[in-house]
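Colleague: Got a structure here, written out as structure tokens. Questions coming.
The values are calculated or read from the model by the stated rules, or taken from the named source; none is laboratory data. Computed from a prediction, not measured in an experiment: that's the story for all the values here. Neighbour counts are summed over all protein chains in view; Cβ atoms, including those assigned to glycine, are modelled from backbone coordinates with ideal geometry.
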Amino acid sequence: MEPPDLPDKPAASRSSAFRRRAMSTLVLWVIIAGALALQSSMLFAVVIVLIGTLAFIEFLGLLKLEGSPGWAGIRWGLTVLAACYLGAVAMHCKNSVIISPEDSDSFLLLLTDSLCLPAVVIITTFLLLFHPINGNGTKDMFFGVVFGFVYTVILSSFLLRVLYIEGDYGNDYLIRKYGSGMGFSGQYYLLFLLVVTKFSDMGGYIVGSLIGRHKMIPHISPGKTWEGFTFGCLVFSVAGGCAVYALFGEHMPLLNWTHVIILGFLLGILAVVGDLAESIVKRCLARKDSGQVLPGIGGVLDLVDSILFTAPVLFLYLIALS
């Protein structure tokens, strides 16, 4: 069955939509700049936990299973689990050095990850035992919540891993490895990730709107063009990464200019794939936006869809470099 075709926005409304998107994005950048100015990893962590939990709630809302037997218990039970999991990841990452092979505290993080997905499956199954089977509704509920947990909560946890990749600032392990006075923090790697990813989104939107002619994947996202991808997403993502590294490179000793350019292209491509992943979900479920929290953007999931794909790759890249 073909997914429902969702109409594009009228051309006349693109300028006003862009202004709304710009204002919403500006608010987010103000929050990021404030957290950097305050040198507050805790503020970043709280925002990430909230975003991951809200994205999961929005995904469950997309399933449109209200009224299905057992749905209320599963929805709120797993929402609490999502918040607790992200909070536990933040706590364990903060107290350990992920890039240190000698840090025993990282075992707790591994244990948390190992237990989380089995807990999702077991809790969902347990709650369904007490309700009648509702055909496709029960099937969508069971498989939908498991996929949704991985897609929103597990993937967003990599933002916390990037944030705390070196554990507490000034950790003895890092001083031994890189020398004292390096003055770096995972906050700057996170800033690099957000700038590259969002510049890719913004570049694709701007260039595609101005000169886009050749549709990229019209059956999934009619608005995306090859011109926007090539001259917008990739160019803007590399430029954004270079700008961050030029300003804050001394805070990111794991990177050099070669890594910055490679990551710019790699994360720029993955940002597009992440955006298309949510488009697939929304088309299958006949929804235009995941929510209405952010004017001009939609929901929280609409804001972080591309970041969910870029964060794990940046984390693994940094681990490989370390």
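Colleague: So, of the residues in the stretch 62-85 that are more than 18 Å from the chain's Cα centre (by Cα), small (Gly, Ala, Ser) and in a helix (DSSP H, G or I), which turns out to be farthest from Val300 (Cα to Cα)?
Modeller: Here the answer is Gly73.
Colleague: Could you check the stretch 232-259 and list, in sequence order, the residues that are more than 18 Å from Ser306 (Cα to Cα) and free of Cβ contacts under 8 Å to residues at least 40 places away in the same chain?
Modeller: If the condition is that a residue be more than 18 Å from Ser306 (Cα to Cα) and free of Cβ contacts under 8 Å to residues at least 40 places away in the same chain, then Cys242, Ala246, Leu247, Gly249, Asn256, Trp257, Thr258 are the ones that fit.
Colleague: Select, from Gly249, Gly264, Gly240, the only residue that is crowded, with 17+ Cβ neighbours inside 10 Å, of a type in the set (Gly, Ala, Ser) and over 20 Å from the mean Cα position of the chain (by Cα). Spell out the reasoning first.
Modeller: Values: Gly264 fails: over 20 Å from the mean Cα position of the chain (by Cα); Gly240 fails: over 20 Å from the mean Cα position of the chain (by Cα).
Exactly one residue qualifies, and that residue is Gly249.
Colleague: Give me a count of the residues in the stretch 171-201 that are among the aliphatic types (A, V, I, L, M) and at pLDDT below 85.
Modeller: Going through the stretch 171-201 one residue at a time, the tally reaches 3.
Colleague: Checking Leu160 against (1) surrounded by fewer than 21 Cβ atoms within 10 Å (Cβ to Cβ); (2) at pLDDT 50 or above, which single condition isn't satisfied?
Modeller: For Leu160, the exception is condition (1).
Colleague: Does Gly167 satisfy the criteria of being buried (at least 20 other Cβ atoms within 10 Å of the Cβ), of a type in the set (Gly, Ala, Ser), outside any helix (DSSP H, G or I) and at pLDDT below 80?
Modeller: Taking the combined requirement at face value, the residue satisfies it.
Colleague: Ala286 passes all but one of (1) of a type in the set (A, V, I, L, M, F, W, C); (2) at pLDDT 85 or above; (3) over 20 Å from the mean Cα position of the chain (by Cα); which number fails?
Modeller: All conditions pass for Ala286, except number (2).
Colleague: Scan the stretch 36-50 for residues that are crowded, with 21+ Cβ neighbours inside 10 Å and either hydrophobic (A, V, I, L, M, F, W, C) or modelled with pLDDT of 85 or more (or both) and report the count. Walk me through it before giving the result.
Modeller: At the first step, the residues of the stretch 36-50 found to be crowded, with 21+ Cβ neighbours inside 10 Å are 41, 44-45, 48-49.
Now drop any that are not either hydrophobic (A, V, I, L, M, F, W, C) or modelled with pLDDT of 85 or more (or both), which leaves 44-45, 48-49.
Residues meeting the conditions: 4.
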